[in-house]
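Working notes, beginning with the structure itself.
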Amino acid sequence: MTAVKEAMRRPLGRFAERSVAGLLAVAGAGVAFGVLLMLVRFHWGPLYHADHEAAEWFNGLVAPHHALVTVLEAITDLGGRPVLIWLVTIAVVSLLIRRQSRLAVYLIVTGVGGLILDPSLKALVGRLRPVVDVPITHAPGNSFPSGHALGSFVAYGALLLVFLPAMAPRWRKPAIAIVALLVFLIGLTRIALGVHFVSDVLGGWLLGAIWLAVSAYAFRLWRRERGRPVPPITEGLEPEAGQEISPAPDEEQVLEHPRSSVAELLVGWVIVFGALYGFGMFVSYHAKGTFLDTLDTEVPQWFAARRTPGLTELSWWWSKFGDTHAILLVSLVFCPLVLAVWKRWRPVLFVVLAMFGELSLFLASARVVQRPRPPVDNLDGHMPTSSFPSGHIAATICLWSAIAILVFARTDRWWRWLFVALAVIMPVGVATSRMYRGMHHPTDFMGAILLAALWISLLYWVVRPNADVHRGNRRAIESEQVHELDDELAKAGRED
């Protein structure tokens, strides 16, 4: 009995030791934040001057370089609310699908806490944002603390704690380093873009560290009270859930023959591009007097003659379903859900390659064909690309066709037909709106169909996105396992 009690006391003792150290660290961060808050609130002179000098120095360094500003804006967007809310929401839904409700609740509580702390403290302090000589970008609201610094620390830190157990031990330290670097860069961009002082970012980091530590400590305390082991924080919040939250625990390899698959895709891409180039040059410059020429002349004029304010508004919305933002949004929602439900990377690869291939084929063919827009009023104004093929239509066809192919093979429920219907309705609606708005000829629509049909067919043949379904969702027997299988069968026969 004594030995059992000692065995139980050891993990509790280690947890108590780690808890004391952790609480001291949190207390230290809290004191540092409190001091910084008071210095900012009461406009302490040395800090005031240091903040303004740093703001002016960064402004002079960054403002003349537009390429650098573009890079900084891209990095700072990773700490914005839209990206962070999307990441946490997708993670919560994925955890609920994997029946990890405790971790999902932890992410929700931690994320909501960060959202509450940011505006409430900004309103309490009431600090104005920096005023620089050359404004680069603008941000609403007050300045202290930095919402991007706070939000990125809390969101990325919480996601890291949740998903660390799904990583191999050798990748955990690099993952921690990458997250730390990302949070640091996000905070740095807020200073460099002139929307926050250095002390704002430091305050955001300190407050984020405090809240993340408090929420993690509460979760670990809850585990201890229920008799669960409390491992070091470097192993994540719930190590026993590692297998369950792993993206694809049963998938040994994404593609059976990666090198040959890459070669096949490259060769196929060239062939598809050649087909697009040939068809595009024909309909653009060599189809005079043919039925296709008549179609390209009369259809845009027919749509232009029937424009009304209501239809123009409707066409604008339908056209938006095919633009880059809408396609990216649907992809960024569908792919994580696919990974959560089916635990396979191959369907995700299928969708990613479908969109990447479509984009590259569209840009390359539009560049070489250089077809003018229809000779009617173009409601979307001047576009940076030429008319053939339609990128909006091609992207819509590729995305919804890829989704329909995946869903239809993986369920026998009636609602799978909804995705088949969407694979038809969405492209037709986008195509009609693009021609109505005078942005494309009918043969541009045909070019988009040609692009999507050839590229999706090639991907389906090479990637085989539903191969696991055809094998009964089980691992395939590797060639080197055949002798092991024979030995097992022979052994079973002797036992009978």
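Residue-wise test of (1) in contact with a helix residue (DSSP H, G or I) (Cβ under 8 Å, 6 or more places away or on another chain); (2) at pLDDT 85 or above.
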{"position": "112", "(1), (2)": "no, yes"}
{"position": "128", "(1), (2)": "no, no"}
{"position": "131", "(1), (2)": "no, no"}
{"position": "136", "(1), (2)": "yes, no"}
{"position": "158", "(1), (2)": "yes, yes"}
{"position": "164", "(1), (2)": "yes, yes"}
{"position": "179", "(1), (2)": "yes, yes"}
{"position": "196", "(1), (2)": "yes, yes"}
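Considering (1) acidic (Asp, Glu); (2) closer than 22 Å to residue 261 by Cβ; (3) outside any helix (DSSP H, G or I), the lone condition that residue 358 does not fulfil carries the number (3). If you check 78, 72 for being at pLDDT 85 or above, in contact with a Ser or Thr (Cβ under 6 Å, 6 or more places away or on another chain) and buried (at least 16 other Cβ atoms within 10 Å of the Cβ), only one passes: 72.
Checked against the criterion of being modelled with pLDDT under 85, in a helix (DSSP H, G or I) and small (Gly, Ala, Ser), the candidates 227, 242 yield just one match: 242.
One residue stands out among those in the range 1-48 that are surrounded by fewer than 13 Cβ atoms within 10 Å (Cβ to Cβ) and not in a helix (DSSP H, G or I): the one that is modelled with the lowest pLDDT, which is 1. Scanning the range 272-286 for residues that are free of Cβ contacts under 8 Å to residues at least 40 places away in the same chain and either surrounded by 15 or more Cβ atoms within 10 Å (Cβ to Cβ) or farther than 17 Å from residue 372 by Cα (or both) yields a total of 1. Checked against (1) in contact with a helix residue (DSSP H, G or I) (Cβ under 8 Å, 6 or more places away or on another chain); (2) modelled with pLDDT under 50, residue 482 passes all but condition (1). Restricting 413, 437, 367, 371 to residues that are over 27 Å from the mean Cα position of the chain (by Cα), surrounded by fewer than 16 Cβ atoms within 10 Å (Cβ to Cβ) and modelled with pLDDT of 90 or more narrows the list to 367.
Among the residues examined, residue 313 does not qualify as modelled with pLDDT of 90 or more, more than 17 Å from the chain's Cα centre (by Cα), under 14 Å from residue 440 (Cα atoms) and among the charged types (D, E, K, R). In the set (1) open to solvent by 50 Å² or more (accessible area, probe 1.4 Å); (2) out of contact with any Gly (no Cβ under 9 Å at 6 or more places or on another chain); (3) not aliphatic (A, V, I, L, M), the condition left unmet by residue 238 is number (1).
Are any residues in the range 208-266 of a type in the set (Ser, Thr, Tyr) and touching a Lys or Arg at 6+ places or on another chain (Cβ under 7 Å), and if so, which ones? Of everything in the range 208-266, just one residue is of a type in the set (Ser, Thr, Tyr) and touching a Lys or Arg at 6+ places or on another chain (Cβ under 7 Å), namely 234.
Given the condition of a type in the set (S, T, N, Q), at pLDDT below 90 and either over 26 Å from residue 120 (Cβ atoms) or not in a helix (DSSP H, G or I) (or both), answer yes or no: does some residue in the range 230-237 qualify? The answer is yes; a qualifying residue exists. Filtered by the rule that a residue be crowded, with 17+ Cβ neighbours inside 10 Å and touching a Phe, Trp or Tyr at 6+ places or on another chain (Cβ under 6 Å), the range 81-113 gives a lone residue, 106. Being over 28 Å from residue 307 (Cβ atoms), at pLDDT below 95, within 26 Å of the chain's Cα centre (by Cα) and buried (at least 21 other Cβ atoms within 10 Å of the Cβ) is the requirement here; does residue 427 meet it? The answer is no for residue 427.
The values are calculated or read from the model by the stated rules, or taken from the named source; none is laboratory data. Here the structure is a predicted model, which is why all the values come from computation and not from measurement. Note that each Cβ is placed from the backbone with ideal geometry, even for glycine, and that neighbours are counted across all protein chains shown. Heavy atoms of the whole protein, side chains included, go into the accessibility calculation; ligands, DNA and RNA do not. Shrake-Rupley method; radii C 1.70, N 1.55, O 1.52, S 1.80 Å.
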